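Written below as C-alpha cells is the structure these notes are about.
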Amino acid sequence: MTVRFSARLLALTLVVPVLLPAQGGYKEPPPAIAAMLDARPTPSLSLSPRRDWFVLQERKGLLPSISEVAEPHLKLAGSRINPKTNGSAGTGGSIAMSLQRVRDRSLVPVRVPTGGRLGGPQWAPSGDRFVFTQTTDAGIALYHADTTGAVKQLVGPRINGTPGGGCSWLDSGTKLLCALVPDGRGPAPVRNDTPTGPSTQESAGRAAPAPTYQDLLRDQTDEQLFDHYFTRQWAVVGIDGSITPWGPAGIITNVNPSPDGQWFLVNVVQKPYSYQYPWSRFPSRTEIWTAGGTLHKVLKNQTRIEITPTARGSVLPGPRAWRWRTDAPATLMWIEALDGGDPKQDVPKRDRILAQDAPFTAEPVTFAETEWRAGGITWGRADLALMSESWPETRMTRTWIINPSNPSAAPRKLWERSTDDRYGNPGSPMMMQTPDGRSLLHFSRDGRSLWLTGAGSSPEGDRPFLDRLDLRTLQTTRLWQSQAPYYESIVAALDADRGTWLTRRESQDEPANYWQRDLVLRRAPIQLTDAPDPAPAFAGVSKERLTYTRADGVVLSGTLYLPPGYDRGRDGPLPTLFWVYPSEFATADAASQVTGSPYRFTRPGGASHLFLLTQGYAVFDNPTFPIVAKDGGESNDTYVEQLELSAKAAIDTLVAMGVTNRDLVAVGGHSYGAFTTANLLAHTRLFKAGLARSGAYNRTLTPFGFQSERRTYWEAQEVYLRMSPFNYAHQLKDPILFIHGADDNNQGTFPIQSERMYAAVKGNGGTARLVMLPSESHGYSARESVGHAIAEMSEWLDRYLKPKAMVP
C-alpha cells in the first residue's frame, strides 16, 4: 500500500525514540507539550449568590510536583488522610485570591495569608462575604473575607478536614458549623511493626456482595487511626471569632440543619467497623439533635453493615433517604419501600414518602406513593413542588407536579421519558437561593411559570437552551438557545422577569467567559470576564464533528481533531489515535443520538491524549462505542461483537475521508477505555498499536458487577469471561503500552490488573510495555508523572505507528 505523509510534518514531529530501561527516571514530553504543561494557569471563578461578585483564584501551577503528590498519607476506610493536616490527602488549592465586581469588572485584592494551600471560597447566602481555608503542615485554618478584601482568621489550624467534616453556614452569614480536632487529643496511635496476631474476617451465611473497594481498614491499628483522625468536635463559629462547642465529640457526619435552624439531622458512625467496606457504609445511627447539640430522637440504629442487592431497582427495606423539606420550618421527609426493596415483587406501588413535623412525636403521615422508585422532591412553595420517580430496569423516569399542602390531591404528570433519550430531555428547573441559604424553585414574579435550562441535545449536537414553563398549561416557550459558532449555556438569573441572564460562552477559538444577556430588549451581550487562551500553541488545531453509521444501523458520532498546519490534499493520510470509552444503552435509537458540541473551546490538560496533536497525529476523540441490549438480553451479552462493529465503522469513515488509512490507526483509552482498548487488540487486527491507562482486564476480579453490569460473575460467567481481555492475551498480536498509577484507589482498577495483563501478554510472546507511576492514583496528578505518561504515549506511537507513514 502506498502511504503519503508530508515530509514537512515528519521533520517537525518524528523523533526516533530510545525507550529508557524500566528503572529510568522521569521523562520529559516534547518541548511544545512541556511548555503547555508549565504555562501559567487561568484563574478559576466563584460567583456570589447575589451574582454581583466573582472570587478569582490563582493557582501556583497547572500541576503539583511529585514531592507534593507523594506526601505520606494514611489509607483509612476508603479515604486517604494527610496526618499532618488532619484533612484529606491532596494537592488542590490556590495561592491567591481577588474579587471582581460583575457590574464594572473592577478588581479588589483579597489579603490572604501567605503560605500553604487555600481552599474554598464558600460564599455566605447573604453574598457579601465568604470563608476559605488555609492548609499548612500545622493543619487547616479558617478565614473570613468580605467584599472589601479584608481578611481575618476565625479558627486556627484545627479544622477537621476528613470526609464528612469541614464547615457550613448556619444562617445568612453570621455563623458557621465547623468540625474541629477535639481539644486535648493525644498523639496518633503508632503502628507496631511486630505483628500481635492475625487479621480475621468471618462470614455467617448472609449474602454480602461487595464491590472491590480500596484503601480499607486492615487491622486494629487502622481502626485506632480511623478513630483518631475522624473523631471531630463540632462547634458554632461566629464571624466575630467566637467558638462554641456543639454536642459531644464523635465520628459525626452529615450534620444538616432544618430550615428554621432549630433541629439537626445527624449521622453518627459506630462500631463494629468493616474491612470490606468504606466508612460511609459502616454501622451508624441517624438522629435528630436540638439546636443546642443534644440528642432528641434516634431515627435508626444500624448495628451492622446493610447490603443492597445488586439487581437494578433494589433498595434496602425500611426507612431511607431522610431529608428536610426546604420550604417548611422543620418537616422531616423520608422514603420506605412498599415491596420490601425487591424489584421482582409485583406490587401496585413501589415506595411511599412520609413526612413528620417537629417535634417529631406525632405519627408520620404518608405524603405520596409512587409506582416506581421514589426519587427526590424539588420544593417550591406551599402549593407546588416537583416529585420524581424512576425505574432502572426500563430506564424510565417521571416528574410530577404535586401540591404539598394537599398531599391527597391528584398529581399532574409533567414529564415521562427514557433516561437514555437525550433529545427528549426537557431540562431542569432553575433554582433560587433564599437569604437564609435554602434552595427553592425559581418562580416568575406572577407565580405562573418556571424557567428550564438544558443541554439541548440534537442531531446537530448540544445547543443549550432556556425555556419558560407555563404551570397552568404545562406548555413551554423557547426564550433562547445557543447558536453556532458558539457553545453558550445559562449560568444564573440576574433578573429573570426582566430577561437578564448570566451565561458562559465559548467557541472553537474563544475561551469560555461569562456574559450578560438581555432577552427582552435583545441588546448585544456584555462580556464580563476576559479569560486568556491557556495554550495558544494549540490554537491551530482544527476540529470537526462526524456522524456515521455502523453495519447494524446504529448511528455513531465522534470529534476529529487534526494537527496544526495539516492539509489533507497536500499531506495525505495521518497516523491517527482513537480515544475510546463505551457506553451502554437499552435501545438502538437512544444509542444513535449525537452527543457533545463542535463549538467547545478545547485545550488539553493533565495527561491528555490531545497533546499528541502537536506531534503530527490526528485524534478521533470519543467516537461513540455504544453497547446496545439486543433481543431482550443485556447490553454486555454482545459487548465484543459491538466493539468491532463500531471500530470498523469509524475506521471506514476516516479512511474514506482520506484522513488516515488502515495501517495508521491506533487505539487508546483510560480506565474502562483501557479495558476496551485491550479487548479491541485481543479480538481484532483493526489497530496497529494500543495505549491502555489504568484499566481492569480480568473481570473475575470484579465479580459483583462493573460499570452498568449488575449481574454477578456467578450469574453471567460467560459474559465476564468473554469480556476479559486477560483470557485472550495470547491473541493480542499488536503492541500495547500499559500505564497505571501504582497507588490507584479507584474501585475495580487495582494496579495488579495492569501488572498481570502485561505478564500475560509478555508470557504469550506479545509486544507490550508496563509503566507504573509512583504515588499516582487513578488519574495522574504530578507534573513529573503527567509529563512521563505523555512522553511514553508519544514514543510508543512514534515507534509503532508513525514509521508506517514513511513506507513509500
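So which residues in the range 445-491 are hydrophobic (A, V, I, L, M, F, W, C), surrounded by fewer than 17 Cβ atoms within 10 Å (Cβ to Cβ) and under 24 Å from the mean Cα position of the chain (by Cα)?
Matches in the range 445-491: V491 only.
Starting from the range 722-751, take each residue that is without any contact (Cβ under 8 Å) to a residue 24 or more places away in the chain and list its partners that are part of a loop (DSSP other than H, G, I, E, B), counting only C-beta distances under 6 angstrom and pairs at least six apart or across chains.
P751/A742; P751/D744
Tell me, which residue of the range 401-444 that is hydroxyl-bearing (S, T, Y) and under 17 Å from L469 (Cα atoms) is farthest from the chain's Cα centre (by Cα)?
S444
Quick check: is even one residue across the range 756-765 open to solvent by less than 50 Å² (accessible area, probe 1.4 Å), out of contact with any His (no Cβ under 7 Å at 6 or more places or on another chain) and under 26 Å from E28 (Cα atoms)?
No, the range 756-765 contains no residue that is open to solvent by less than 50 Å² (accessible area, probe 1.4 Å), out of contact with any His (no Cβ under 7 Å at 6 or more places or on another chain) and under 26 Å from E28 (Cα atoms).
Say whether the condition of being in contact with a Ser or Thr (Cβ under 7 Å, 6 or more places away or on another chain), under 29 Å from T500 (Cα atoms), of a type outside the set (A, V, I, L, M) and surrounded by fewer than 21 Cβ atoms within 10 Å (Cβ to Cβ) is met by at least one residue in the range 103-117.
yes
Give just the number: which of (1) part of a loop (DSSP other than H, G, I, E, B); (2) open to solvent by less than 50 Å² (accessible area, probe 1.4 Å) does L299 not satisfy?
Condition (1) is where L299 drops out.
Filtering the range 383-410 down to residues that are in a loop (DSSP other than H, G, I, E, B) and modelled with pLDDT of 95 or more, which residue is most open to solvent (accessible area, probe 1.4 Å)?
Ranking the candidates gives D383 first.
Given the criterion surrounded by 15 or more Cβ atoms within 10 Å (Cβ to Cβ), small (G, A, S) and touching a Pro at 6+ places or on another chain (Cβ under 9 Å), identify the matching residue among G565, G572, G499, G558.
Exactly one residue qualifies, and that residue is G558.
Which condition number does A204 fail, the rest of (1) under 27 Å from R323 (Cα atoms); (2) surrounded by fewer than 13 Cβ atoms within 10 Å (Cβ to Cβ); (3) among the aliphatic types (A, V, I, L, M) being met?
Result: A204 fails condition (1) only.
Looking at the range 450-569, what strands (runs of 3 or more DSSP E) fall wholly within it and have at least 2 residues that are closer than 30 Å to R103 by Cα and hydroxyl-bearing (S, T, Y)?
486-495, 500-507
Only one of (1) of a type in the set (V, I, T); (2) open to solvent by less than 20 Å² (accessible area, probe 1.4 Å); (3) outside any helix (DSSP H, G or I); (4) at pLDDT 50 or above is not met by T42, so which one is it?
With (1) of a type in the set (V, I, T); (2) open to solvent by less than 20 Å² (accessible area, probe 1.4 Å); (3) outside any helix (DSSP H, G or I); (4) at pLDDT 50 or above applied to T42, the lone miss is (2).
Could you tell me which residue of the range 93-110 is farthest from Y143 (Cα to Cα), considering only residues that are in a loop (DSSP other than H, G, I, E, B) and either touching a Lys or Arg at 6+ places or on another chain (Cβ under 7 Å) or modelled with pLDDT of 95 or more (or both)?
V102
Only one residue in K84, K75 is within 30 Å of Q220 (Cα to Cα), basic (K, R), in contact (Cβ under 8 Å) with a residue 24 or more places away in the chain and assigned to a loop (DSSP other than H, G, I, E, B), so which one is that?
Of the residues listed, the single one that is within 30 Å of Q220 (Cα to Cα), basic (K, R), in contact (Cβ under 8 Å) with a residue 24 or more places away in the chain and assigned to a loop (DSSP other than H, G, I, E, B) is K84.
Quick check: is even one residue across the range 609-625 at positive phi and assigned to a loop (DSSP other than H, G, I, E, B)?
Yes, the range 609-625 contains a residue that is at positive phi and assigned to a loop (DSSP other than H, G, I, E, B).
Select from the range 253-269 the residues that are open to solvent by 30 Å² or more (accessible area, probe 1.4 Å) and more than 15 Å from P163 (Cβ to Cβ) and list them in ascending order.
N256, P257, P259, D260, Q262, W263
Touching a residue at least 60 places away in the same chain (Cβ under 8 Å), small (G, A, S) and either buried (at least 19 other Cβ atoms within 10 Å of the Cβ) or under 27 Å from A590 (Cα atoms) (or both): is that true of A650 in this structure?
yes
Check every one of the strands (runs of 3 or more DSSP E) wholly within the range 232-295 and list those with 1 or more residues that are under 31 Å from the mean Cα position of the chain (by Cα).
233-238, 252-257, 263-269, 284-290
Could you tell me whether the range 350-365 includes any residue that is over 25 Å from V266 (Cα atoms), open to solvent by less than 70 Å² (accessible area, probe 1.4 Å) and either of a type outside the set (S, T, Y) or touching a residue at least 24 places away in the same chain (Cβ under 8 Å) (or both)?
Looking through the range 350-365, at least one residue is over 25 Å from V266 (Cα atoms), open to solvent by less than 70 Å² (accessible area, probe 1.4 Å) and either of a type outside the set (S, T, Y) or touching a residue at least 24 places away in the same chain (Cβ under 8 Å) (or both).
Residues checked against (1) over 20 Å from V555 (Cα atoms); (2) more than 21 Å from the chain's Cα centre (by Cα); (3) open to solvent by less than 10 Å² (accessible area, probe 1.4 Å):
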position: T595; (1), (2), (3): no, no, no
position: L613; (1), (2), (3): yes, yes, yes
position: Q642; (1), (2), (3): no, yes, yes
position: S671; (1), (2), (3): yes, no, no
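Find the residue count for the range 45-62, including only residues that are at pLDDT 90 or above, open to solvent by 40 Å² or more (accessible area, probe 1.4 Å) and under 26 Å from S777 (Cα atoms).
Summing the residues that are at pLDDT 90 or above, open to solvent by 40 Å² or more (accessible area, probe 1.4 Å) and under 26 Å from S777 (Cα atoms) in the range 45-62 gives 1.
Quick check on my filter: what residues within the range 131-146 are open to solvent by less than 40 Å² (accessible area, probe 1.4 Å) and either more than 19 Å from Q57 (Cβ to Cβ) or in contact with a Ser or Thr (Cβ under 8 Å, 6 or more places away or on another chain) (or both)?
Within the range 131-146, T135, G139, I140, A141, L142, Y143 meet the criteria.
Is it the case that the range 158-170 has a residue that's surrounded by fewer than 16 Cβ atoms within 10 Å (Cβ to Cβ), of a type outside the set (A, V, I, L, M) and more than 29 Å from G293 (Cβ to Cβ)?
no
Go over the candidates V667, V659 one by one and state the one that is in contact with a strand residue (DSSP E or B) (Cβ under 9 Å, 6 or more places away or on another chain), closer than 19 Å to Y566 by Cβ and either outside any loop (DSSP other than H, G, I, E, B) or open to solvent by less than 10 Å² (accessible area, probe 1.4 Å) (or both).
V659
How about the range 379-403: which of its residues are touching a residue at least 60 places away in the same chain (Cβ under 8 Å) and of a type in the set (S, T, N, Q)?
The one that is touching a residue at least 60 places away in the same chain (Cβ under 8 Å) and of a type in the set (S, T, N, Q): T394.
From the residues in the range 686-721 that are of a type in the set (S, T, N, Q), in contact (Cβ under 8 Å) with a residue 40 or more places away in the chain and open to solvent by 10 Å² or more (accessible area, probe 1.4 Å), which one is nearest to A607 (Cα to Cα)?
Restricting to residues being of a type in the set (S, T, N, Q), in contact (Cβ under 8 Å) with a residue 40 or more places away in the chain and open to solvent by 10 Å² or more (accessible area, probe 1.4 Å), the top hit is Q707.
The values are calculated or read from the model by the stated rules, or taken from the named source; none is laboratory data. Quick caveat: nothing in here was measured; it's all calculated off a predicted structure. All Cβ positions, glycine included, derive from the backbone under ideal geometry; neighbour counts span all protein chains shown. The accessibility values were calculated without ligands, DNA or RNA, using every heavy atom of the protein model including side chains. Shrake-Rupley method; radii C 1.70, N 1.55, O 1.52, S 1.80 Å.
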